[in-house]
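Undergrad: What follows is a structure written as structure tokens; I'll ask about it next.
The values are calculated or read from the model by the stated rules, or taken from the named source; none is laboratory data. Since this is a predicted model, take the numbers as computed values, not measurements. As a convention, Cβ positions derive from the backbone with ideal geometry for all residues, glycine included, and neighbour counts pool all protein chains shown.
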Amino acid sequence: MIASLLTIAWIYLRIGLIFFGGGYVLIPLLNHIMVEQYQWLTLRQFLDGLALSQLTPGPLAMLATFTGFRAGGFPGALIATVCIFIPCVALMLIVGRNYERLKRIDIISSTLDGLLPAVVGLVAAAAWNLGGSSLASVKEFVVLAVGFAIFKWTKVTPMFVILGAGLVGLLIN
């Protein structure tokens, strides 16, 4: 158990180091680690955890807590949650004090400008990969299209769209 808790800590410290640009960038990495590499979750559990975590603040941190719990019980959940936040908290404490000065440095500004398209690409790749494995029926494609339209053209909060989609799934099955 100790070795697995150390593994959980090491994995989530590493994930926490690259946890910038929004959590959605990490979906392909989290899927690879949690489902394929360590098999802490099945693909269905990962997708369900991802969907349910959208109802909470810090959705991918909640997914880390869920995965940590599945891999190591309560201690695993605690370790995963703490370790995913340690790097970003430390970085924000360092960068936050010097942000105004740092953002005026050309190399930092250019680097950040270069990261944005990569982040968009990673989110698109995650959507493609997860969509390919979770969209198996016409009903699911309709729910996807309606959910997309609501997000794109209304100001409805994601929580209501997710709850509505769950209700549709419950009523149709």
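Undergrad: Select from the stretch 80-106 the residues that are aliphatic (A, V, I, L, M) and out of contact with any helix residue (DSSP H, G or I) (no Cβ under 7 Å at 6 or more places or on another chain) and write down the one among them that is modelled with the highest pLDDT. Steps first, please.
TA: As a first pass, look at the stretch 80-106 and keep what is aliphatic (A, V, I, L, M): 80, 82, 84, 86, 89-95, 102, 105.
Among the residues that remain, those that are also out of contact with any helix residue (DSSP H, G or I) (no Cβ under 7 Å at 6 or more places or on another chain) are: 82, 89-94, 105.
On the way: 82: 93, 89: 85, 90: 87, 91: 81, 92: 80, 93: 86, 94: 83, 105: 88.
Top of the filtered list is 82.
Undergrad: Considering (1) of a type outside the set (A, V, I, L, M); (2) loosely packed, with under 11 Cβ neighbours inside 10 Å; (3) under 17 Å from residue 52 (Cα atoms), say which one residue 158 fails and leave the rest.
TA: Result: residue 158 fails condition (2) only.
Undergrad: Filter the stretch 8-44 down to the residues that are surrounded by 15 or more Cβ atoms within 10 Å (Cβ to Cβ), outside any helix (DSSP H, G or I) and at negative phi, then identify the one that is modelled with the lowest pLDDT. Step through it out loud before you land on a result.
TA: Step one: filter the stretch 8-44 for residues surrounded by 15 or more Cβ atoms within 10 Å (Cβ to Cβ), giving 8-9, 11-16, 19-21, 23-31, 33-35, 38, 40-41.
Cutting the leftovers down to outside any helix (DSSP H, G or I) gives us 19-21, 38, 40-41.
Still in the list and also at negative phi: 19-20, 38, 40-41.
Working: 19: 69, 20: 60, 38: 90, 40: 89, 41: 88.
Filtering first and then ranking leaves 20.
Undergrad: Is there a residue in the stretch 119-135 that is hydroxyl-bearing (Ser, Thr, Tyr), under 25 Å from residue 10 (Cα atoms) and either out of contact with any Ser or Thr (no Cβ under 7 Å at 6 or more places or on another chain) or in contact (Cβ under 8 Å) with a residue 12 or more places away in the chain (or both)? Step through it out loud before you land on a result.
TA: Residues of the stretch 119-135 that are hydroxyl-bearing (Ser, Thr, Tyr), as a first pass: 133-134.
From what is left, the residues that are under 25 Å from residue 10 (Cα atoms) are none.
No: zero hits.
Undergrad: Next up: Looking at the stretch 122-150, which of its residues are among the aromatic types (Phe, Trp, Tyr), modelled with pLDDT of 85 or more and farther than 15 Å from residue 51 by Cα?
TA: Let us first name the residues in the stretch 122-150 that are among the aromatic types (Phe, Trp, Tyr), namely 128, 141, 148.
Going one step further and asking which of them are modelled with pLDDT of 85 or more, we end up with 141, 148.
Residue satisfying the conditions is 141 alone.
Undergrad: On to the next question. Of the conditions (1) within 19 Å of residue 49 (Cβ to Cβ); (2) surrounded by 12 or more Cβ atoms within 10 Å (Cβ to Cβ); (3) out of contact with any Gly (no Cβ under 9 Å at 6 or more places or on another chain), residue 168 clears all except one; give me its number.
TA: It fails just one condition, (1).
Undergrad: From the list 72, 76, which residue is touching a helix residue (DSSP H, G or I) at 6+ places or on another chain (Cβ under 9 Å) and more than 20 Å from residue 17 (Cα to Cα)?
TA: Result: 72 is the single residue among 72, 76 that is touching a helix residue (DSSP H, G or I) at 6+ places or on another chain (Cβ under 9 Å) and more than 20 Å from residue 17 (Cα to Cα).
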